[in-house]
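A short reminder: the numbers here are calculations on the coordinates, not readings from a lab. The model shown is predicted, which means the values in this text are computed figures rather than measured ones. Glycine also receives a Cβ, built like all others from the backbone with ideal geometry; neighbour counts cover every protein chain displayed.
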Amino acid sequence: MPNAAISALLSPTSAADECVDARAWWPRWRKIAARTQDPFERAILGGAEADRLGWSFASGYQAALRVLDPSLSDDAIAALCVTEAEGNFPRAIKTSLASQGEGYVLNGEKRWTTLGPEGSVFLVIASEGGSGDDRPSLRAVRILSGTPGLVIEPMPPTAFVPEVPHARVKLDNVRVPTSAVLEGDGYLRYVKPFRTIEDIHVHAACIAYLVAEGRRRVWPQGWMERSILLLHALSALAKLDPLASQTHVALSAALEAGEAVAREADVHWLRAGEDPAAARWARDRKLFTVAARARVERLAAAWKRLDSPAHST
């Protein structure tokens, strides 16, 4: 159960070994994945055993992808490819999926694919064209690295968590079999729920990282208790429907509590003085506010649905 992983955080441990790049991090995550099949546990353990926020984020991201697609192998770094030049909303998706012979062909370009340079399997969101409604018909397609026509180009490091690489993914007449096109609507089944699933698992991993550091550095018990409470709340949220309005309302409160925990941690890190881990935290803590606008919009939409007469009946 996830509670066991959370409880383990309360036992002080030695500092995690330094990990400078994704190739050094990945074997560690595979060892964690071998210890439990539960994605939330993996997020917690990945955060607890990270030496910096970047690898807690990466652990939460890999765990979240395996909630989205449980068939993903634990031997492969996975990456979700959604964002394009115009953004990541449905009508911004120009990458095309067209039937050809006994399979399909993909053409297009994705940006900011997390862990893309090291990726082994890519979940690509592509458009089958207009569906006559407000958005195109989207599908998710699983593609392995090395597939002809698939080109992975590393992008410049980001200002925070720069160790976690991103890539531009180009698809030039990439041919895939019918079995590579995943079941269900690409937006409702993959893109939309992943925003919630990722928030839960990444934030859990990042809070777990802070708790592990806090135990080693003897941070105040009150802060520790609030952090553990937050992790239990996120554990409960991980079991809920990621598309439900009630989930989004509760998650908003949990993420607000997470930001409060992070602000308190800022003060505790300052006491560390000239410490490489403290310097990395100051550089990387912007991760907690990434996609803040999208979360505000998600919450507003959730309350709008809850306040509608149709919901009340």
Report the residue, chosen from ALA126, ALA300, ALA265, that carries the largest GNM mean-square fluctuation when the chain is represented by alpha-carbon nodes joined by springs under 10 Å. ALA300
Fewest Cβ neighbours within 10 Å first, please rank THR36, THR95 accordingly. THR36, THR95
Projecting each Cα onto the charge dipole of the stretch 261-301 (Lys/Arg +1, Asp/Glu -1 at the beta carbon, about the Cα centre), which of ALA278, VAL290, VAL261 comes out farthest on the positive side? VAL290
Modelled FRET efficiency - R0 41 Å, ASP75 with ASP307, Cβ distances, 0.05 increments: 0.35
Least to most buried among SER73, SER145, SER14, by other C-beta atoms within 10 Å and fewest first, runs SER14, SER73, SER145
Between SER14 and TRP112, Cβ-based FRET efficiency (R0 35 Å, step 0.05) works out to 0.50
Fewest to most neighbouring Cβ within 10 Å: what's the order for LYS94, LYS31? LYS31, LYS94
The chain - percent relative contact order, Cα under 8 Å, separation 6 or more: 20 percent
The set of residues whose placed amide H lies less than 5 Å from the amide H of ASP74, leaving out same-chain residues fewer than 5 positions away, is none
In nm, to one decimal, how far is the ALA236 label point from the MET155 one, both placed 7 Å along Cα→Cβ? 3.6 nm
What is the packing order of peptides 61-71, 271-281, 100-110, taking the mean over residues of other C-beta atoms within 10 Å and listing the highest first? 61-71, 100-110, 271-281
Per-residue ³J(HN,Hα) for the stretch 224-233, Karplus 6.51 cos²θ - 1.76 cosθ + 1.60, θ = phi - 60°, Hz, x for Gly and Pro: 4, 5, 5, 5, 5, 4, 4, 5, 5, 5
Relative contact order for the stretch 78-181, counting Cα pairs under 8 Å that sit 6 or more residues apart, in percent: 32 percent
From the Cα centre of the stretch 146-218 to that of the stretch 78-105, the distance in Å is 15 Å
Once phi for every residue in the stretch 154-159 is put through the Karplus expression 6.51 cos²θ - 1.76 cosθ + 1.60 (θ = phi - 60°), the whole-Hz ³J(HN,Hα) values, with Gly and Pro written as x, are x, 9, x, x, 7, 5
Using a Gaussian network for the chain with springs between C-alpha atoms less than 10 Å apart, which of these wobbles most: ALA50, ALA58, ALA253? ALA253
